Structures are given as C-alpha cells and as structure tokens.
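The values are calculated or read from the model by the stated rules, or taken from the named source; none is laboratory data. Since the structure is predicted, the reported quantities are computational estimates derived from the model, not experimental observations. Here the Cβ positions follow ideal geometry from the backbone for every residue, glycine too, while neighbour counts run over all protein chains shown.
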Amino acid sequence: MIVMKLKVLFGAVALVSVATLAIAATDPVLMKINNKDVRLSEFEYLYKKNLEQQVNKESIDDYVKRFVDYKLKVAEAERLGYDTLPRIKKEIDGYKDDMLAPFLIDNDLQEQLVQEAYERMKKDVNVSHIMLSRGRNKAEDKKQIAMMDSIRNCILNGEDFNELVMKYSIDRSKQNNKGEYGFITSGVFPYDFEKAVYDTPLGELSQPFLTDYGVHMVRINGFRPNDGQVEVEHILRLFPRGGELKESDKLTVKAQIDSIYNCILNGENFEELAKSFSQDPKSAREGGKLPLFGRNYMVKQFEEISFNLPDGAISEPVETQYGYHIVKKIAHHPLGTLDDCRETIEQKMKNDQRSMMPIESKQEQILKEQNYKKNDGLNNYLIKELNAHGGYDSTFVADVIAKSNYTIFTYGNGIKVPLSRLASVINPKSKFSTNDIAASVIEASIDRVARQDIVKYYSDNIVDLNPDYRNLLNEYRDGTLLFEVMSKEVWNKAKTDNQALLQRFDVNRAKYQWYEPRFKGVIICAKNDSILNEAMAMYQGLKAEPEDTITTALNKKFGRNIKMVRSVTKKGENEMVDYLAFNGRHVESAYVGYPAYRILFGKMLEQPEELSDVKGLVASDYQDALEEEWIAALHKRYKVSVNNKVLNQLKKKYK
C-alpha cells in the first residue's frame, strides 16, 4: 500500500540527476509549514516529477493541496520523533552514501561514451598498423613520436607502407601480415587505439599516438557493416601439445574427427556426440555450445566457417591451429539496438580508461564550480625559500614546507590551503639538479591535492552545494518518515480494527453489493492424481470439522505435496476457478508442479455474506476515512502559509 501511495504522489525514488529547477538564481521560500521553510526548488522538483508520470496534467493549485497534506504528515512524523529513531537515521545515512556516487560522475559524458561505442559497433574498419616502442620517460616518448612522424612523412611522400613496417615496426605480427590487420571490430582493442582508428578518415594516415604498449600509427583502408554475432556449437579434437607437431599426429586427429562426422551424417545427435567426444571441456558440457561471438574473437578459420554457414547447417571438419572442429550453426544475430548492447558496452567501459573519464570530467566541473585558483606567486616563493635553505632535502620539507602557512590555492568562499598541505604528498628523498626544477615538481603536485581536497569538500557539503542532491535526499527522507507515520496513524488501524471494519460493513452493505456471482471456497492442488484422491478421501472424513481444522490437518499430512488456494473469485479472474466453478476450459494448474486440482469445499454467492468476502474494499474505504480525518486534524495543529508571489511566478512557467 505504501509503495502505491508514494508512487502516485511523487513517483518512485530513482538515482537520477536533474537540472536545478529554481526560477531565480536564489531559491526562494515558497511556503512555510509548521514554521519550516519549503524552498521553491523542492516543490518544483517534485511537481515536475509528478507531471512526467501522469497522463492528465495536474494543475499547480491542485498539486499544492496534495503537497501541503504530504508535508503536514511529515511534520507530524517529526513531532512524534520518527526522525530520531536509530533505525531510521541509519537507513537515511546509508541512502546518503549510495546516492552520492551518481553526483560524482559526469553522466552526460558517460552517456556520450556509451553512444559513441554503439555507433562504432555498427561498422568494422580495415586497418594497417605500424608500431614503435615507448621511451623510458616523457622526453624519450617525444623522440619516438618524432620518429613516427618522420615515417609518416615518408609514406605521404610515396614510400611503401609495408616495407616501412618491416623495417621499423616492433609489432611481432608483422612477420605474418606486414602490418595489414584487416578488419577490426569495436570493443576488441584498447580504447585509445580504437579512438585513433575510428577518428581517422578513410584512406588517410593517423597522427602518431601513444598507448601503454607503444607509439602507433594506423592507415584506414576501408569499412564494412558489422556482421553481428553468431551462435554455434562445435566438436573439437585437439592436436597433441608439446614438441613439434608431426604429420602422422595430424592424420590421427583427422581420422578421429572424420569418424565423428560420419556419425553425424548417419543421424546421430550432435549435442550428445559433443558431450562424449569434444575436447573443449567447457563447451562439451553444454553439448558443444559456445557463447555468442562476433568478428575478431575467434581464430580466422573458425570465424569464417561460423559466419558463412547457413543457420542450422553443420560444417565438414575444419582445421585450425588447435585441431579439427565440426561446427553447427544455430543462428545469426544482427547487431541489436542501443538498449540491447548497453550492458555489454558499460561492462567494457568499466575495464578500460573510459571508467575514469566521467569521474575526472565531473571533478573538473567541481573545481570550476568551487572557484579553484592556484597562487601564481608560489613558484617564486619556493625558489626564494630553496635558495635560502640551500636546496631541496628532507629538512627543507620538514622545516619549511611542513610549517609554511603560505597559500598555495583557494576554493569555495575563500577557503585557503597552505603550503604545509603538500608535506605529506611530496617525496622528501627526491634529488633535483636545480632549485628551479625542485620548485616546478613541488608546484606540479598541487592539482592532484586540490582535486582530492575540493572533491571531498563538495561531497561533505553536497546537501548545501547541489540542489538536485538535496531535493532527492529530502524526497527519500520525507518518504521514509511518511511511511512510518502513515503506518501508525492509518494503515495499521485499517488493518487491525476488526470491530470498526465490521461496523462499516454492516452500515454500508448496499455499497458492497456484487453485480456478478462469486465462487467462495478452497481449491486443492496436488503433485499428481493419486495424492489428490488420497487428500480428498481424508477430507471426507473431516467434513464435519471447522474449515481451518481441515486445512491444517491436510497440510500436516501431505506437506509440500499439496497447495490449497482460498478464493472469493468472479468469472474471468482465475482460469482454474473458471474451469471448476464456472464451466470454463481446462487449464494447467496455476502452480507449477501441481497439475491435479479440485474444489475442496466451497459455494457460489450472489452477494457477500460476511465481512471477509469484501474485507479489502471495506478496509480501503476505512483507510481513506481515517486519513481524511487525520489530515483535517493536522491542518488545525500546524500553521501553513504560502508565498503567493513566488507561486504565481511558477504558475506562469507551467501555463
């Protein structure tokens, strides 16, 4: 009940980031409830969320009434001290931590990277590649990049790409391909390599670029549409491992695979043969089935036969470097939609450099929002102190850096960070040839420290700094308190006050009349007909007993071999009841594993005969009445005032 009530009023709580909704740069007070300010941004956040989930647009005036009632209930929960209960505080504190993570990521960039990956998945790229080793430091890297640039100019001036690959490239695959990679698929190579490939126009050479593996340059030779993925099964007989592969060994394996293939031609089951004879243990257990795969994930011969076979066809034995395979093509699956591929893309992003890009981008935004500014005079100050001290050493760190109050950067509303902050992050044992270099290295550590300090400050103060977070947290907090107070004041009373429910039913019987008859009784389902017949025979001996006694005795005797379903049901609500009580068609039992079923006892009712027949309806009406009375009392208890000037501005916005 609580879930439905909260969804109707405010929508399900979700970890989403929305734009700040304040009308002006400030966030004016829209209303006061029990002398507590309600800011415009909070009201508008919830109103907009409410609109997104409704078919018929609700006016602001109507929503104000419901919003005030909602806030009055929260005020009552606070008066009763629910916000101070340890379990409530623990729940809200836990939610704060869970909710923080999405606010420390650039979600726009995250989505941009997902869409970029999907667009790249739509085509494969034919690539030629040349690679040089990386240097031991930035200076050597720069020389290697210059070397690659010279090679690039040679190619542009007409020298043969493949000859230059053989002369200079350190890529070991050049012995087989002379730098011609052929078609590659998105998601196979590291992101920085893939980016260079997909960003380079057709027929052109990329600029030299760095990865963790070396200095690279690629040439783009062509494109083709993505072939999607294939679903196959295979049977593998392996070549012997260890030592040189002899022709006689290959012939032995070929004879084995041919024998299996002949069994398939004679009608034997492929999957059973795979389980018995395939030497790929993992797939053999699944009847030879492999996970879906696309281009460039398998050795070339296996890939080609898998993609070229028609669906349902079985190949002749195919040789690869591992042995001989027989491939059964199950199906071809074209590239799916973005939603189909999103989970796969996001999982790959977690495992490469893209995992940090949205985080770093958000950190840059935070630094900018918090007015991060380095002290331009720091370098001169450091050189002066280094000269006075006689150079950089551990005592300089301990006696100068660690004790200095000189401001190295500021952020927020004038928060100053002293030079002493760097004492714990710089290496006191470092050696520098000049004081200028020492000062530059010390200064270079500031951005990293600033990022740590300012992001922590932002996280610790996000309730004040980010209206989106504040509104989402308020929504969760108030929703939690609302659940507690509604349970006590309304829902529990409506559930447990049987005397009040009975009185309401007796006084309002006409309101709870049925227009169609109902079957009222118990249906018994059993695991087979024998158990059902035995249970029905036992029931015959217990017919004179009260209903609860009968069902208890049957459950004790038969345990999980039976299930009993109590029902007050009209035609069309339950297929099993339709068949047994309303001459409907026969269906399988609603309970898997309990196909035998029969009416244990029951009768047809034209109208409800007692409260239990319509208790849900009566309880719902009683709940509404209790809530109405309670809200009226809250309006008398708490003062509510609305700033009509601010409200009218909001109305104009949503006209």
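General observations
- Unmet criterion (only one of (1) surrounded by fewer than 15 Cβ atoms within 10 Å (Cβ to Cβ); (2) in the same structural domain as residue 283 (by TED's automatic domain parsing); (3) touching a Lys or Arg at 6+ places or on another chain (Cβ under 9 Å)) for residue 203: (2)
- Residue 590 vs. criteria within 30 Å of residue 530 (Cα to Cα) and either over 42 Å from the mean Cα position of the chain (by Cα) or touching a residue at least 12 places away in the same chain (Cβ under 8 Å) (or both): yes
- Among the residues of region 127-170, those identified as touching a residue at least 12 places away in the same chain (Cβ under 8 Å), within 19 Å of residue 221 (Cα to Cα) and not in a helix (DSSP H, G or I) are 127, 128, 129, 130, 131, 169.
- Any hit, region 199-206, residues being farther than 30 Å from residue 344 by Cα, outside any strand (DSSP E or B) and of a type outside the set (Lys, Arg): yes
Condition check ((1) farther than 16 Å from residue 449 by Cβ; (2) under 49 Å from the mean Cα position of the chain (by Cα); (3) not in a helix (DSSP H, G or I)) across all residues:
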| position | (1), (2), (3) |
| --- | --- |
| 366 | no, yes, no |
| 371 | yes, yes, yes |
| 376 | yes, yes, yes |
| 383 | yes, no, no |
| 387 | yes, no, no |
| 395 | yes, no, no |
| 399 | yes, no, no |
| 403 | yes, yes, yes |
| 410 | no, yes, yes |
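- Check on residue 114, surrounded by 16 or more Cβ atoms within 10 Å (Cβ to Cβ) and closer than 21 Å to residue 195 by Cβ: yes
- Scanning region 38-67 for residues that are of a type in the set (Lys, Arg) and either free of Cβ contacts under 8 Å to residues at least 40 places away in the same chain or touching a strand residue (DSSP E or B) at 6+ places or on another chain (Cβ under 9 Å) (or both) yields 39, 48, 49, 57, 65.
- Filter result (under 22 Å from residue 603 (Cα atoms), in contact with a strand residue (DSSP E or B) (Cβ under 9 Å, 6 or more places away or on another chain), touching a residue at least 60 places away in the same chain (Cβ under 8 Å) and in a helix (DSSP H, G or I)) within region 488-534: 532
- Within region 398-415, the set of residues being farther than 25 Å from residue 388 by Cα and at pLDDT 95 or above comprises 410, 411, 415.
- Helices (runs of 4 or more DSSP H) fully within region 263-363 counting 2 or more residues that are more than 29 Å from the chain's Cα centre (by Cα) and not β-branched (Val, Ile, Thr): 270-277, 281-284, 300-308
- Residue 391, sole failed condition from (1) surrounded by fewer than 12 Cβ atoms within 10 Å (Cβ to Cβ); (2) part of a loop (DSSP other than H, G, I, E, B); (3) over 45 Å from the mean Cα position of the chain (by Cα): (1)
- Qualifying residue in region 110-131 (condition: of a type in the set (Phe, Trp, Tyr) and either farther than 30 Å from residue 205 by Cβ or more than 26 Å from the chain's Cα centre (by Cα) (or both)): no
- Yes/no for residue 648 being loosely packed, with under 12 Cβ neighbours inside 10 Å, at pLDDT 90 or above and out of contact with any Gly (no Cβ under 7 Å at 6 or more places or on another chain): yes
- Answer residue from region 583-634, given it is aromatic (Phe, Trp, Tyr) and surrounded by 17 or more Cβ atoms within 10 Å (Cβ to Cβ) and is farthest from residue 559 (Cα to Cα) among those: 630
- Selection status of residue 178, closer than 25 Å to residue 142 by Cβ, over 29 Å from the mean Cα position of the chain (by Cα) and at pLDDT below 95: no
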